[in-house]
1. Looking at (1) closer than 30 Å to residue 285 by Cβ; (2) in contact (Cβ under 8 Å) with a residue 60 or more places away in the chain, which is the one condition that is false for residue 148?
2. Restricting to the stretch 152-177, count the residues that are acidic (Asp, Glu) and free of Cβ contacts under 8 Å to residues at least 24 places away in the same chain.
3. (1) modelled with pLDDT of 90 or more; (2) within 30 Å of residue 173 (Cβ to Cβ): which one isn't true of residue 233, the others all being true?
4. Find the residue count for the stretch 27-83, including only residues that are closer than 19 Å to residue 132 by Cβ, part of a loop (DSSP other than H, G, I, E, B) and open to solvent by 10 Å² or more (accessible area, probe 1.4 Å).
5. Would you please name the residue that is nearest to residue 45 (Cα to Cα), looking only at residues in the stretch 284-312 that are modelled with pLDDT under 90 and buried (at least 21 other Cβ atoms within 10 Å of the Cβ)?
6. Please tell me if residue 125 is near ligand 1 (Cβ under 9 Å from one of its atoms) and modelled with pLDDT of 90 or more.
7. Go through the stretch 72-113 residue by residue and tally those that are within 14 Å of ligand 1 (Cβ to nearest atom) and closer than 17 Å to residue 29 by Cα.
8. Using beta carbons and a limit of 6 Å, which pairs, at least six apart or on different chains, have the first residue in the stretch 74-85 and in the same structural domain as residue 107 (by TED's automatic domain parsing) and closer than 14 Å to residue 117 by Cβ and the second one surrounded by 14 or more Cβ atoms within 10 Å (Cβ to Cβ) and small (Gly, Ala, Ser)?
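The values are calculated or read from the model by the stated rules, or taken from the named source; none is laboratory data. Small disclaimer: the values here were computed from a predicted structure and weren't measured. Counting neighbours? That spans all protein chains shown, and the Cβs are built from the backbone with ideal geometry, glycine included. Side chains are part of the model used for accessible areas, which takes the heavy atoms of the whole protein and leaves out ligands, DNA and RNA. Shrake-Rupley method; radii C 1.70, N 1.55, O 1.52, S 1.80 Å.
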Amino acid sequence: MNTVKATAGSIKKAAALIRAGGVVAFPTETVYGLGADGLNPVACARIFEIKGRPRFDPLILHECSAARARKLFSCVPAPALRLMKKFWPGPLTLVLPKAAAVPGIVTAGLKTVAVRVPGNRHALALIKAAGRPIAAPSANSFGRLSPTTAEHVSRQLGNGPDLILDGGKTDIGVESTIITFEKGRPVLLRPGGLPLEEIEKLTGPAARPGKTGGKSPLAPGCLKKHYAPKARLKIIEPGRAPRPSLRAAYLAFRRKPAGNWAAVKVLSRSGDLREAAAGLFGALHALEGAGVPLIYAEKVPMHGLGRAIMDRLKHGAA
Ligand code: TXA
Ligand code: MG
C-alpha cells in the first residue's frame, strides 16, 4: 500500500520524494493531482507514463503563493493580475506566456504555461516543503473519471505513484477553471471550479467556448496546438540513415548517425524512453534552430513513453 494519511510527517516525506524526481499523488481542492518536480523534465515524463497518456498534454504547474506563481510567466496582463490577487489560492488556472525556466515537456512545446495556486492546505504545505513548482494533471488513468478521493487514485493508478497522500474527499470535485488572455481579453478555455461570472466581474466579458467563432482558441481540447517543427520531419528506421547531408538535421534515439549533418541530437544513449521523452521537445527545438528544411527522426519502440514520443513525431511529420 502506498497510500498514507496526509500529516506533517508524510508531507515532508512526499516533498523529499518530489525533490528526488519521484511522483506523488496529492489532494487539491478540485481533484487529486499526480505531481512531480515541475522543473525536472524526466520526473514530468514519468507522470505521462503512469497515467498512460498516449501523448503529451500540457501540464498545470502548482505553486504555493501568487508571488511565486507569477515568476513562472514571462508577462502578466493587468486583468490577469487582478484575478490572481482575488482568486489564488483557488480553483483558477491561468494560461500565459511562459518563463524560460519552464521545461518544454510541461507545456508540450507551447509558448504558454498553465499555473495555479491550489486552495488546499495539504497541497500548499507539500509545494512549500518541496520548494519548487509541482507539475500535476488530474491523478486518473488516461480517459477515465477524475479522482476526488485517494481511493479513486489507488484504484486507477495502483502502485504507479511513489506515494499517495490521503487528504480526504476533495472540496470542489471538478477541475479548475482555465482562463487565458488574447490581446488583453479573457478567454475561457475550460469551465471549472470557479464560476465564470466571478471572473467576469473583474475582467469584463470572457469569450466562451463555442462563441468566439473562427480563430480564437476554445476549450483546451481544441486549443492544443500540436508541436510541428518549421522544418519537414521525416520518420525513419533507427540506424537506416539516408546519405548524410549538411542540409538536414538528425534526431537519433540511441546512437549518433555516421557522417556530417547540420545538427544531431541523441535522445537517450541507454535507450531509456523516459529520458528520451523528457528531452524530446528540447531536442526538436535545437534541431529546428539549425535552420535546415529537413529533420530525420528515428522511430522509437512503441511501448511505455515510446507511444507518446511517436505520437508527437507523427504529429510533427503530418
Ligand atoms: O483542478 C485542476 O486543474 C486539476 C488539479 C490537479 O490541479 N488539474 C487538472 O489537470 O485538471 P489536467 O492535466 O487534467 O488538465 C489540464 C488542462 C488540460 O486540458 C490541458 O490541455 C490544459 O489544461 N492546458 C495546460 N496547459 C495549457 C496551455 N499552455 N494552453 C492551453 N491549455 C493548457
Ligand atoms: Mg484531467
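1. Looking at each condition in turn, residue 148 falls short on (1).
2. 0
3. Tallying (1) modelled with pLDDT of 90 or more; (2) within 30 Å of residue 173 (Cβ to Cβ), residue 233 fails exactly one: (2).
4. 8
5. For the stretch 284-312, the residue satisfying everything is 305.
6. On the way: near ligand 1 (Cβ under 9 Å from one of its atoms): no; modelled with pLDDT of 90 or more: yes.
Taking the combined requirement at face value, the residue does not satisfy it.
7. 8
8. Filtered contacts from the stretch 74-85: 84/66.
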